[in-house]
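The values are calculated or read from the model by the stated rules, or taken from the named source; none is laboratory data. Everything numeric in this text was worked out from a predicted model, so none of it was measured. When we count neighbours, we look across all protein chains shown, and the Cβ atoms used for this are built from the backbone with ideal geometry, even at glycine. In case anyone asks, the SASA skips ligands and DNA or RNA and just uses the protein heavy atoms, side chains included. Shrake-Rupley method; radii C 1.70, N 1.55, O 1.52, S 1.80 Å.
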Amino acid sequence: MSNDPRHRLEELMEQSDPQFHTVMSCVFGIETHETRTYLTLLEHPGSTIAELASVLDRDRSTVNRSLSALVERGLAQRDRRLLDGGGYVYQYTAVPLPQAKEALHEALDTWTAGVHEVIDGFSRESTP
């Protein structure tokens, strides 16, 4: 997650007082609706795609894509639940907020360290 090249950290630098959902979207390289899905999932752990689609008032395919992005970035986990009549359904749970905050800090620390390396490595001879 912290090495994801899709980070949009430069967007954060343009804002003097960003909101939490903006920070999550920029740092994790996810869309605003994916951040909204994460925050909703915090309130509704163990939800299925259909349940989240109802709560979010979104179609199932959009919610499915959002959940895939969250799972890919380590912000949610997917578990399979067997149904009584046969078959299964996937249930999703958001990682706890403290864990997401820690990942945000780690990603920002990694980015900051990279910028410091660029600054420290800069010399007049290295300019094009």
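Things worth noting here:
- Residues in the stretch 89-127 that are among the aromatic types (Phe, Trp, Tyr) and at pLDDT 95 or above: Tyr90, Tyr92.
- Scope the stretch 103-112; condition open to solvent by 50 Å² or more (accessible area, probe 1.4 Å) and either under 26 Å from Val55 (Cα atoms) or not aromatic (Phe, Trp, Tyr) (or both); matching residues: His105, Glu106, Leu108, Asp109, Thr110, Thr112
One line per residue, one yes/no per condition, for (1) closer than 17 Å to Glu31 by Cβ; (2) of a type in the set (A, V, I, L, M); (3) without any contact (Cβ under 8 Å) to a residue 40 or more places away in the chain:
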| position | (1), (2), (3) |
| --- | --- |
| Arg58 | yes, no, yes |
| Leu67 | yes, yes, yes |
| Leu83 | no, yes, yes |
| Ala94 | yes, yes, no |
| Lys101 | no, no, yes |
| Glu106 | no, no, no |
| Trp111 | no, no, no |
| Glu117 | no, no, yes |
| Ser123 | no, no, yes |
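- Wholly enclosed helices (runs of 4 or more DSSP H) of the stretch 1-102 bearing at least 2 residues over 30 Å from Val115 (Cβ atoms) and open to solvent by less than 40 Å² (accessible area, probe 1.4 Å): 32-43, 49-56, 60-72
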